[in-house]
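Report on the following structure.
The values are calculated or read from the model by the stated rules, or taken from the named source; none is laboratory data. Because the structure is a prediction, the values reported are computed rather than measured. Don't worry about glycine lacking a Cβ; one is built from the backbone with ideal geometry, like all the others, and counts go over all protein chains shown.
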Amino acid sequence: MAGSGWGRYRVGPGAALLLLAGSFPAAAQYERPKQVLTTPEREAIETNRKLARPRPTTPRPSLSPTEAARVAVFKGARHSVVFISSITKKWFLEDNRTGNRYQVPPASGTGFVWDNLGHVVTNHHVITVDDPASGPRGEAEELQVTLTDGKTYKALVIGRSLSLDIAVLHVFAPLEQMKPLPLGTSRNLQVGQMVMAIGNPFGLDHTLTSGIISALGRDILTGFGTHIGDAIQTDAAINPGNSGGPLLDRAGRLIGMNTAIRTTTGTSTGVGFAIPVDVLNRVVPVLIAKGQLHRPELGIITFPPTATATLGAKHGIAIDSVTPGSLAARAGMRGLRIRPGAKEPVELADVILGDVIVGLNGHAVESDTQLMDILELEPPETLLAFDVLRDGKLIRIVLRPGEQQPRPAPPLPEAGPLKPEKPAEAAPAATPAPAAGVGAEAGAVAH
């Protein structure tokens, strides 16, 4: 970097200090400019050299209440915050010039101790291998968690929710070294309230930043294409590496998990977002117990939004087919139908639009992802009130998950991803021919 005007010094993984000074080769001899001094100038300098002493310090005044609160929160919480790093044997980059293949670590980040059983909570994207071109590729195969004493321990993912960007790790560390954070609530948060964030930005472990709650009830988009509602907005500095770290109130209680920032530079611009602790407190126990959130099987297959629009619906998601005997069938939901006498291949004009889902339990539904998000967040056996467009009229159809009839699980394949089970017999419905512009787009989703 000689001649660039910048000197670069490493201070942590993925971070660098840029010094505003001319850089120079280490082996080069350092030369001072020759200065011409008068005799009085030289005598003054020599006299002052003899008087050089360390300066006396000025006593520090007592910490203000705000400063004392920050210090106390950091001292009490730092041992509950961990550094998560991961590397995978699964994903590689290949150098086209040399043919060498390099192991690629996904983004590292922060987590915090949830309970006294060895569980750590973080964002799912922290443990995800990202392809800059195509987005998330998969989970890292090897995870390790570093505690405040610098010791590193193996960790395994035992629960995940992609829709909420939450992951739970089991860390194989001495339990006496893992202190859970005290839990607060996000129910009574106030805009203007002081908050603090602890994390590992750019690999600089246990960094404290502070600010206020800037807004409540924000909607944020995750890297998995899902939406998280009721997020907390804060101006406390949140940078890459802070993801998965705790957002604390002045009492040191957990009130959220730092998850995302809005930026054009890649670093903090004072607009950060956290998942509310009340969501964590509802979701994390389920992830620990079952590995994933409960989502009732409705028995419908839906079209993606673009195909729904092609069918003539301006909003919502169209139902392609309904599985006989399913929860949706018993509630009377309808899929697509084909006009009697229609010839093959089916033209768009011969397709009769079935039910179009536009809302669920008071939430608007514009995509399959939104529908899955809402279903994941509803407690088991909650009544599901669907707002449905049928023949141009808005009606309400209520599904009762508590009345689901259990079905035997299909056998698992020896390898490869699971595929949705194809209904044995669909309701009177059909997927129009690709030539008509319907069904040509992949993405129909089973619920």
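For (1) surrounded by fewer than 24 Cβ atoms within 10 Å (Cβ to Cβ); (2) within 16 Å of the chain's Cα centre (by Cα); (3) more than 30 Å from Ala69 (Cα to Cα), each residue gets a yes or a no:
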position: Gly244; (1), (2), (3): no, yes, no
position: Ala251; (1), (2), (3): yes, no, no
position: Gly272; (1), (2), (3): no, yes, no
position: Phe303; (1), (2), (3): no, no, yes
position: Ala318; (1), (2), (3): no, no, yes
Subset of segment 230-265 [in contact (Cβ under 8 Å) with a residue 60 or more places away in the chain and over 24 Å from Phe202 (Cβ atoms)]: Asp249, Arg250, Ala251, Gly252, Arg253, Ile255
Conditions (1) touching a strand residue (DSSP E or B) at 6+ places or on another chain (Cβ under 8 Å); (2) in a loop (DSSP other than H, G, I, E, B); (3) within 17 Å of Lys393 (Cβ to Cβ); (4) not small (Gly, Ala, Ser); number of the one not met by Leu293: (3)
Tally, over segment 208-233, of residues that are of a type in the set (Ser, Thr, Tyr) and within 24 Å of Gly252 (Cβ to Cβ): 3
Residue that is farthest from Gly76 (Cα to Cα), among those in segment 191-207 that are modelled with pLDDT under 80 and surrounded by fewer than 24 Cβ atoms within 10 Å (Cβ to Cβ): Phe202
Scan of segment 312-353 for residues that are assigned to a loop (DSSP other than H, G, I, E, B) and of a type in the set (S, T, N, Q), ordered by number: Thr323, Ser326
Odd one out for Ile275, checked against (1) modelled with pLDDT of 90 or more; (2) not in a strand (DSSP E or B): (2)
Pair list, Cβ under 7 Å, 6 or more apart: segment 344-368 residue buried (at least 18 other Cβ atoms within 10 Å of the Cβ), other residue of a type in the set (Ser, Thr, Tyr): Val356/Thr308; Asp368/Thr302
Selected residue [crowded, with 22+ Cβ neighbours inside 10 Å and not hydroxyl-bearing (Ser, Thr, Tyr)] from Pro276, Pro240, Pro296: Pro276
Unique residue being hydroxyl-bearing (Ser, Thr, Tyr) and assigned to a loop (DSSP other than H, G, I, E, B) when the list is Thr308, Thr382: Thr382
